[in-house]
Amino acid sequence: VLAGVIAAWFGLGGGIVKGPLLMELGLLPEVVVATSSAMMLFTTLSTVCGYIAMRRLLVYYAVLLFSLALVTTLLAQLVLKRVINRLRRPSLVIFLFATVCLLGVLGVLLTSLEHVEHIFHGDVDGFRGICSEEN
């Protein structure tokens, strides 16, 4: 539960936080990736629902990105399955999962550097209410 709360605070999918934990518990790589993906799906859906509730979602943009993500995910799954079967290396799944986790952490870090710099300089505005018109 704590890992899920921390993941939500930092905007990460629960799978990114819990995936390495599942690996350490000895689950098969395929099971870890499937479970982590399902956790990230629910975290992402709850975030989308929040944006819809605040009326901050461009529907046409969301549909375009969803369609693009769906097609590229299906293609990547097919290619990855062929590569794993050809090389007989299921460890490739672990390597790719670790790479995606690392890229996610770097993305969050790079997008928040400016905000962290403002915090260190004392330029903190505080939190705004989700119901205010200023959002």
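The values are calculated or read from the model by the stated rules, or taken from the named source; none is laboratory data. Model, not experiment: these values are computed from the prediction. Glycine also receives a Cβ, built like all others from the backbone with ideal geometry; neighbour counts cover every protein chain displayed. Protein only, heavy atoms only, side chains kept; ligands, DNA and RNA dropped before computing areas. Shrake-Rupley method; radii C 1.70, N 1.55, O 1.52, S 1.80 Å.
Give the residue, chosen from LEU87, LEU65, LEU102, that is at pLDDT 90 or above, open to solvent by 100 Å² or more (accessible area, probe 1.4 Å) and not acidic (Asp, Glu).
Every option except LEU87 fails the conditions.
Which condition does ARG56 not pass, out of (1) open to solvent by 100 Å² or more (accessible area, probe 1.4 Å); (2) more than 22 Å from VAL32 (Cβ to Cβ); (3) modelled with pLDDT of 85 or more; (4) assigned to a helix (DSSP H, G or I), if it passes all the others?
Single failed check for ARG56: (4).
Any residue in the stretch 92-108 that is assigned to a helix (DSSP H, G or I) and over 28 Å from LEU2 (Cα atoms)?
The answer is yes, given that some residue of the stretch 92-108 is assigned to a helix (DSSP H, G or I) and over 28 Å from LEU2 (Cα atoms).
Restricting to the stretch 77-91, give me the number of residues that are in contact with a Leu (Cβ under 9 Å, 6 or more places away or on another chain) and not in a loop (DSSP other than H, G, I, E, B).
Number of matching residues: 3.
Could you check the stretch 59-75 and list, in sequence order, the residues that are under 15 Å from THR47 (Cβ atoms), without any contact (Cβ under 8 Å) to a residue 12 or more places away in the chain and of a type in the set (A, V, I, L, M)?
Of everything in the stretch 59-75, those that are under 15 Å from THR47 (Cβ atoms), without any contact (Cβ under 8 Å) to a residue 12 or more places away in the chain and of a type in the set (A, V, I, L, M) turn out to be LEU65, ALA69.
Which one is modelled with the lowest pLDDT among residues in the stretch 1-53 that are surrounded by 13 or more Cβ atoms within 10 Å (Cβ to Cβ) and either at positive phi or charged (D, E, K, R) (or both)?
GLY11
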